[in-house]
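Contents: one structure, followed by commentary.
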Amino acid sequence: MLNPYERWIYFHRFILDSSPSHAPQINLNECIDELKKLVDSGGAFKMVENDEACFRIRDLRVNEENNSAVFLLMYSNSKASDPVFSKLTTTDLRPEPKLDGEGIAVSAHAVLSLSPTENGGNEFLFLLEEVPGLGRSGLEGFFQTMFRAVTKGRLHFDDEEENGRSRAYRPRVRILATPSKTFQEELEGSTVDSIELVERIKISHFDEEHYYKEDVRTLKLKVVDGNGEKPTFIEKLRKKARSEGFDDLKIRYKKNGGKRKTAVMGTDTDDVKDALVGRVEYIEHAPGLSQCSDKIVSSYAAKILGLLE
């Protein structure tokens with residue numbers, strides 16, 4: 001179950017390529033303008049998993065102040081188990097079955113910077129709230145479908161490799177993890193607060209684009225003495241976590257200046273000290289967030305936007 005008061009925000013690289021690769025660069029801002037129209041019309045969705053599940057952009061806002069786009073992404077699955085509620089003081093259970101055509105739904109906020117990480121480049125910072133069902137692998141194919149829908153019939157160039165013949169080209173979207181420093185460098189002068197062990201449980205059913213669904217099991221550990229030989233005790237914990245079937249470690253720590261940060265690494269890492277860690281940030285929000293929203297929660301989105309600075 002999702003904690004309504006806290007979320008993890010993953011930092012990714014959103015790469016907008018052209019296909020074929022020698023075609024002109026695609027304008028991200030123009031794509032977002034057209035995508036906003038598609039979202040407002042209710043057409044920004046894609047059926048997956050043999051039409052039993054759906055990805056959708058439920059809400060999209062362009063933030064001109066920091067040149068970014070804020071998304072509310074939704075995933076619904078008609079084959080997910082019906083929810084059951086239990087009365088806390090008795091053994092009474094109340095199942096809540098889905099109606100025909102409905103699916104269990106979750107939503108996640110995401111922020112895409114519209115300024116490339118390098119001048120004139122095609123790589124942009126993409127911040128994504130961690131929600132089961134809305135992971136990077138599935139969203140990569142979904143965004144590619146959306147970008148191709150809003151550019152269909154609009155992109156042509158004179159291909160010099162084919163004697164100047166005019167031909168169409170298409171966007172290709174990739175969403176990749178953002179590696180940070182080595183873990184040894186990142187932990188210098190910091191205090192470890194807590195460690196979360198994560199097991200990603202893969203469900204064997206694949207959709208037509210070979211993206212797997214996954215569930216998540218987590219175990220949170222409080223670190224009593226976080227000033228000792230940090231890589232040494234984390235290495236011991238990593239080996240134990242691996243033997244118990246966990247896939248990732250989320251290490252939450254505090255830098256000298258008081259800023260809290262989070263690093264993520266796989267339990268199959270050969271050497272913790274030399275591991276490259278992806279950047280993740282922890283956000284608290286009150287009042288709580290629902291499992292699935294129909295609109296962007298402005299106060300929560302503002303906290304994610306603040307991570308771009």
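The values are calculated or read from the model by the stated rules, or taken from the named source; none is laboratory data. Predicted model, so just to flag it, every value in this text is computed and none were measured. Positions of Cβ are backbone-derived with ideal geometry, glycine not excepted, and every protein chain shown enters the neighbour counts. Quick note on the areas: whole protein, heavy atoms, side chains included, nothing else; ligands and nucleic acids left out. Shrake-Rupley method; radii C 1.70, N 1.55, O 1.52, S 1.80 Å.
Yes or no: CYS31 under 29 Å from HIS156 (Cα atoms), buried (at least 17 other Cβ atoms within 10 Å of the Cβ) and either touching a residue at least 24 places away in the same chain (Cβ under 8 Å) or not small (Gly, Ala, Ser) (or both)?
Answer is yes for this residue.
For segment 178-200, how many residues are open to solvent by 70 Å² or more (accessible area, probe 1.4 Å) and either within 24 Å of ARG13 (Cα to Cα) or in a strand (DSSP E or B) (or both)?
The qualifying residues number 4.
Of all residues in segment 237-256, which are open to solvent by 90 Å² or more (accessible area, probe 1.4 Å) and either at pLDDT 85 or above or in contact with a Pro (Cβ under 6 Å, 6 or more places away or on another chain) (or both)?
Hits for segment 237-256 are LYS239, LYS240, ARG242, GLU244.
Pick from GLU123, GLU64: which is in contact with a Leu (Cβ under 9 Å, 6 or more places away or on another chain) and of a type in the set (Asp, Glu)?
Residue meeting the stated conditions: GLU123.
Residues in segment 174-189: is at least one over 30 Å from LEU219 (Cβ atoms) and out of contact with any Ser or Thr (no Cβ under 9 Å at 6 or more places or on another chain)?
yes
Give all pairs with beta carbons closer than 7 Å in which a residue from segment 274-288 that is assigned to a strand (DSSP E or B) and open to solvent by 80 Å² or more (accessible area, probe 1.4 Å) meets a residue that is modelled with pLDDT of 65 or more and of a type in the set (Phe, Trp, Tyr); count only pairs at least 6 apart in sequence or on separate chains.
Listed pairs, sorted by first residue: GLU284/TYR5.
Taking interchain pairs and intrachain pairs at least six residues apart, which have beta carbon atoms under 6 angstrom, with the first residue in segment 144-165 and more than 17 Å from PHE14 (Cβ to Cβ) and the second open to solvent by 30 Å² or more (accessible area, probe 1.4 Å) and hydroxyl-bearing (Ser, Thr, Tyr)?
Hits for this filter: HIS156/SER166; ASP158/SER166.
Select from segment 1-35 the residues that are among the hydrophobic types (A, V, I, L, M, F, W, C) and in contact with a Lys or Arg (Cβ under 6 Å, 6 or more places away or on another chain) and list them in ascending order.
Scanning segment 1-35 gives PHE11, ILE15.
Can you tell me which residue in segment 34-50 is nearest to GLU162 (Cα to Cα), limited to those that are hydrophobic (A, V, I, L, M, F, W, C) and touching a residue at least 24 places away in the same chain (Cβ under 8 Å)?
Here the answer is LEU35.
Matching residues to (1) of a type in the set (Gly, Ala, Ser); (2) part of a helix (DSSP H, G or I); (3) touching a strand residue (DSSP E or B) at 6+ places or on another chain (Cβ under 6 Å); (4) farther than 22 Å from LEU38 by Cβ:
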site: HIS109; (1), (2), (3), (4): no, no, yes, no
site: GLY121; (1), (2), (3), (4): yes, no, no, yes
site: PHE126; (1), (2), (3), (4): no, no, yes, no
site: MET146; (1), (2), (3), (4): no, yes, no, no
site: VAL150; (1), (2), (3), (4): no, yes, no, no
site: GLU161; (1), (2), (3), (4): no, yes, no, yes
site: ARG172; (1), (2), (3), (4): no, no, yes, no
site: LEU176; (1), (2), (3), (4): no, no, yes, yes
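Under 17 Å from the mean Cα position of the chain (by Cα), on the phi < 0 side of the Ramachandran plot and not polar (S, T, N, Q) - does that describe any residue in segment 18-30?
Checked segment 18-30: no residue is under 17 Å from the mean Cα position of the chain (by Cα), on the phi < 0 side of the Ramachandran plot and not polar (S, T, N, Q).
Considering only residues that are within 26 Å of LEU289 (Cα to Cα) and of a type in the set (Gly, Ala, Ser), look in segment 89-124 and name the one that is most open to solvent (accessible area, probe 1.4 Å).
The extreme case among them is GLY101.
So which residues in segment 294-304 are open to solvent by 20 Å² or more (accessible area, probe 1.4 Å) and either farther than 19 Å from ASN67 by Cα or in a helix (DSSP H, G or I) (or both)?
Those that are open to solvent by 20 Å² or more (accessible area, probe 1.4 Å) and either farther than 19 Å from ASN67 by Cα or in a helix (DSSP H, G or I) (or both): ASP294, LYS295, SER298, SER299, ALA302, LYS303.
Tally up the residues in segment 8-28 that are over 21 Å from LEU127 (Cβ atoms) and surrounded by fewer than 17 Cβ atoms within 10 Å (Cβ to Cβ), please.
Total satisfying the criteria: 7.
Return the only residue of ARG148, ARG136 being over 20 Å from the mean Cα position of the chain (by Cα), open to solvent by 40 Å² or more (accessible area, probe 1.4 Å) and among the basic types (Lys, Arg).
Answer to the check: ARG148.
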